[in-house]
Structures are given as C-alpha cells and as structure tokens.
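Peer 1: First the structure, then my questions, so here it is.
FYI, it's all coordinate maths here, none of it is from the lab. What you see is a predicted model; the values in this text were computed from it and never measured. Cβ placement follows ideal geometry from the backbone for every residue including glycine, while neighbour counts extend to all protein chains displayed.
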Number of protein chains: 2
Amino acid sequence: MKATGSTGISGDPARICGIGLEDYIRKVRAFHGYAAPGMILGGFMVDLAVSHIPEGMLFDAICETPKCLPDAIQLLTPCTVGNGWLRILSLGRFALVLYDKKGGEGVRVYVDPSRLAPWPMARDWFLKVGPKEKRDLEELVSILCKMGPGPLGVQSVRVEPGFLRLSRHREFSICSRCGESYPKDDGPVCLGCQGQAPYSPVFPLPGK
Amino acid sequence: MKATGSTGISGDPARICGIGLEDYIRKVRAFHGYAAPGMILGGFMVDLAVSHIPEGMLFDAICETPKCLPDAIQLLTPCTVGNGWLRILSLGRFALVLYDKKGGEGVRVYVDPSRLAPWPMARDWFLKVGPKEKRDLEELVSILCKMGPGPLGVQSVRVEPGFLRLSRHREFSICSRCGESYPKDDGPVCLGCQGQAPYSPVFPLPGK
C-alpha cells in the first residue's frame with residue numbers, strides 16, 4: 001500500500017493508546033511543537049508499556065531521558081511532571097518505567113539497538129550517527145511509523161521502596177533576602193538567594 | 001454576582017492566555033488530572049509573564065519548582081520538558097522565567113506572600129500552614145480564581161549566557177552490560193548500569 005498524507009503513514013491501522021497514528025501526530029504537534037521522531041518512537045513505547053500493566057492499576061512513571069520521551073508519557077498517560085506522577089532521571093537511556101504507585105512492581109520499555117538493523121535511517125538517527133542537518137525528518141517519521149514497536153523490549157521491574165513517593169509535608173519560611181516563600185530546610189535563605197538561580201541581576205520592571 | 005458552576009467562579013470574565021477560566025480548568029483536569037490550586041495560580045502566572053514579553057519573541061522557560069507550575073507552563077506555552085524549552089530547577093520557589101532563547105533577556109513572575117494577606121485561605125495553602133486534609137479544595141480554587149494575579153510580582157531578568165541552551169551533539173555508544181545506547185562520555189557503561197537506576201532486579205517478562 002502506498003504511503004498517504006503528510007506523515008507518509010502507510011495503510012496500517014496502527015494505534016497508539018487507542019488513538020489513530022494521524023491523530024496522535026496532531027496531538028504531538030499541538031503539545032510538543034512538531035512531530036519529533038522521538039515522540040513517534042515514544043508513543044509506541046508508552047503504548048507497549050500500558051498494554052503490559054494490569055487494568056485499573058494506579059501507576060507512576062520514570063523516564064530515563066529528558067529528551068522527547070517525557071512528552072509522550074505526559075500526552076498519553078495521567079502522569080505529568082507537575083502532578084508528580086512522572087519523574088525524569090537523566091540516565092541517558094531512551095527508556096521508561098510504569099509502576100504500581102504503592103508496591104513498585106512495573107514494566108520497563110526500552111529500545112534494543114540490535115533490532116534497529118532493518119531500518120538503517122532510524123538506526124542512524126537513534127544512535128546519533130552522521131550529521132543531524134542531513135536528516136529528512138518527514139521520511140524518518142514515516143519510517144518510525146512503519147517500524148512501530150519492532151525494536152522495543154519489555155522487562156519486568158521492581159522500583160526500590162526508597163524511591164516510591166513519600167508525601168512529605170515540608171515546612172515553609174519567608175526568605176529574608178527575596179521575601180518569597182521557600183522550604184525551611186533549604187537553609188537560612190532560599191536556594192535562589194544562595195546563588196543557584198541562573199539569572200542575574202534582577203531588576204524591577206520599568207514603571208512598576 | 002453569585003458564584004456559578006462547579007468551580008465557583010464569579011461572573012468576572014477573566015481569561016488565562018486568551019482562554020476563559022472554565023475552559024482553562026477543563027484543560028487542567030484533562031492534562032494534570034484534577035483542578036489543583038497550584039495550576040490555577042500557575043495559570044495566572046503564565047498569563048502575566050506572557051503579557052510582558054515582546055510579541056513574536058522565541059522564548060524558553062525556567063520553572064523554579066517541580067510542583068504544579070511546570071504543567072501550567074506546558075499547557076499554556078510551546079515550552080515542554082520533552083522539547084527542551086522548559087527547564088525545571090528545584091529552587092523551592094513558586095516562580096517562573098520566560099526569556100529570549102538567544103539573548104537571555106526575560107521576565108520572572110513570582111508570588112509575593114505579603115500580598116496574600118487579604119486571602120487567608122489562599123495564604124495558608126500557599127505557605128503550607130495547617131493540615132492539608134482539612135482544606136476545602138473547591139473553595140480554595142474558587143478563591144484563587146477571584147484572586148487572579150493580585151499577589152504576583154514581575155521582575156526583569158537576564159539569564160546567564162552559560163545557561164542558554166547549547167545544541168551539543170553527544171556521541172553515543174552501546175552499553176556492554178545492558179546493550180542499550182547511552183552517551184559515550186557517561187563512562188564505560190551507562191549510568192543505569194553504574195547503579196543509578198532506582199529499580200532492581202530486572203527480569204524478562206514471563207513468556208518473552
């Protein structure tokens with residue numbers, strides 16, 4: 001069957017978490033800004049992970065890279081950075097874990113580079129081989145759509161008890177330097193006023 | 001005017017980044033899972049920040065807390081964690097910066113606790129005073145909607161050149177232990193295999 005539409009997706013009625021591929025790509029564009037290859041691969045990864053967890057299980061997520069994959073998780077699951085159900089660890093691997101909030105049992109989905117051999121263009125992109133500028137993004141997205149979950153692996157994992165979320169009620173203070181509130185145990189002034197803010201100096205807005 | 005609807009919003013036609021309050025709360029529920037007070041306050045913060053940056057400026061975002069506020073930024077601006085235009089720094093302050101991608105000039109919006117005095121319920125929630133369980137979330141959301149940008153401050157900032165995003169092309173390797181790809185300069189094996197993954201042990205799925 002011939003490739004159709006702007007994404008070049010073939011007639012394969014593949015779906016990602018119940019959404020048609022074209023619809024998913026529309027959502028990706030609206031949220032992520034563009035149809036990034038990592039969001040296409042990431043969509044198949046989230047779909048595969050979700051299909052392996054028991055229905056109705058309340059799960060949290062770990063994302064092992066800050067690049068693209070967190071947005072696929074945020075788009076397709078209830079886990080977001082801001083609600084605390086998604087935590088990003090910069091382990092440098094394109095992988096995610098969905099796990100039971102309470103017990104820690106879960107599944108990990110990762111990319112197995114050895115299974116990328118049939119798709120050299122996807123392999124080069126994934127392993128960052130060759131110049132980025134020369135890549136045809138549209139063609140790459142089309143290939144990733146056809147590849148689907150092919151290069152993905154699934155593992156059963158148990159998240160360490162120490163990592164499971166504690167609902168800790170930190171006490172807050174007013175910082176004597178900036179006047180804003182901050183967690184009291186950060187020290188006598190807030191971390192921003194301790195020099196950790198990456199901006200300086202701070203001016204009042206003109207006319208304020 | 002009497003409070004109306006499930007959110008208790010008064011007739012005030014307040015808008016957040018061009019969206020009516022009720023619509024914004026619907027989007028919050030769909031993305032964040034529930035109408036968290038931090039998302040309401042966060043919505044007004046993003047709206048105020050956006051109103052202070054020049055039209056058409058390509059901006060990146062810094063969020064000084066991982067709690068709630070990153071989701072307001074992700075919902076209302078093109079900046080997400082996964083596309084790299086939003087970076088979260090755990091400075092413990094409920095504040096955000098939107099800044100010019102290239103030059104670093106931007107605006108910071110923060111909450112001024114001294115201006116929360118007229119709203120004791122919002123103040124107690126914001127400063128984490130009193131037991132969390134006793135809070136009437138619906139009433140709090142309604143108060144935050146009425147409060148709007150009242151307690152917010154705006155500053156002009158310049159983000160440090162060293163923090164402005166560099167498009168660095170890291171070289172990737174295959175980890176000799178797990179077989180996955182990882183940034184070569186992380187060491188002889190990936191950070192996960194160096195013991196930084198918070199799960200163990202990893203089993204193959206039954207029947208795989």
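Peer 1: Tell me what chain A gives for mean residue ellipticity at 222 nm when only DSSP H runs of n ≥ 4 count, each as -39,500 (n - 2.57), the sum divided by the residue total, rounded to 500 deg cm²/dmol.
Peer 2: Counting only the DSSP helices, I get -7500 deg cm²/dmol.
Peer 1: Right, here's the next one. Roughly what percent of Cα-Cα pairs across chain B reach past 27 Å?
Peer 2: That fraction is 44 percent.
Peer 1: While we're here: What nm distances, shortest first, do you get from the label point of B:Gly162 to those in the other copies when the point sits 7 angstrom along Cα to Cβ?
Peer 2: Inter-copy label distances (nm, one decimal, shortest first): 3.0.
Peer 1: For chains A and B related by rotation, which residue of A has the Cβ nearest the axis, and what is the rounded distance in Å?
Peer 2: Rotation axis A onto B, closest Cβ, rounded to whole Å: A:Val81, 3.
Peer 1: Fewest first, what order do A:Glu133, B:Glu105, B:Glu64 take by the number of other Cβ atoms within 10 Å?
Peer 2: Ordered by Cβ neighbours within 10 Å, fewest first: A:Glu133, B:Glu105, B:Glu64.
Peer 1: Based on the mean of other Cβ atoms within 10 Å per residue, sort peptides B:81-87, B:97-103 so the most packed one is first.
Peer 2: B:81-87, B:97-103
Peer 1: Still on this structure: Need one number: % antiparallel among DSSP beta bridges in the protein assembly as shown, to the nearest 5.
Peer 2: Around 90 percent of the beta bridges assigned by DSSP in the protein assembly as shown are antiparallel ones.
Peer 1: If the label for A:Gly56 sits 7 angstrom from Cα along the Cα-to-Cβ line, what are its distances to the same label in every other copy, in nm to one decimal, shortest first?
Peer 2: The answer, with the shortest distance listed first, is 5.6 nm.
Peer 1: Consider all pairwise Cα distances in region B:25-82 and report the whole-number % of them above 16 Å.
Peer 2: In whole percent, the long-distance tail amounts to 39.
Peer 1: Stokes-Einstein diffusion coefficient for the protein assembly as shown at 25 °C in a medium of 0.890 mPa s, Rh from the Kirkwood formula over Cα pairs: what value in µm²/s?
Peer 2: 107 µm²/s
Peer 1: Residue farthest toward the positive end of the dipole of the protein assembly as shown, with Cβ of Lys/Arg at +1 and Asp/Glu at -1: which of B:Ala95, A:Pro131, A:Cys178?
Peer 2: A:Cys178
Peer 1: Moving to a separate point now. So for region B:16-126, Kirkwood radius off the Cα pairs, Stokes-Einstein at 37 °C and 0.692 mPa s: how many µm² s⁻¹?
Peer 2: Answer from the Stokes-Einstein relation: 230 µm²/s.
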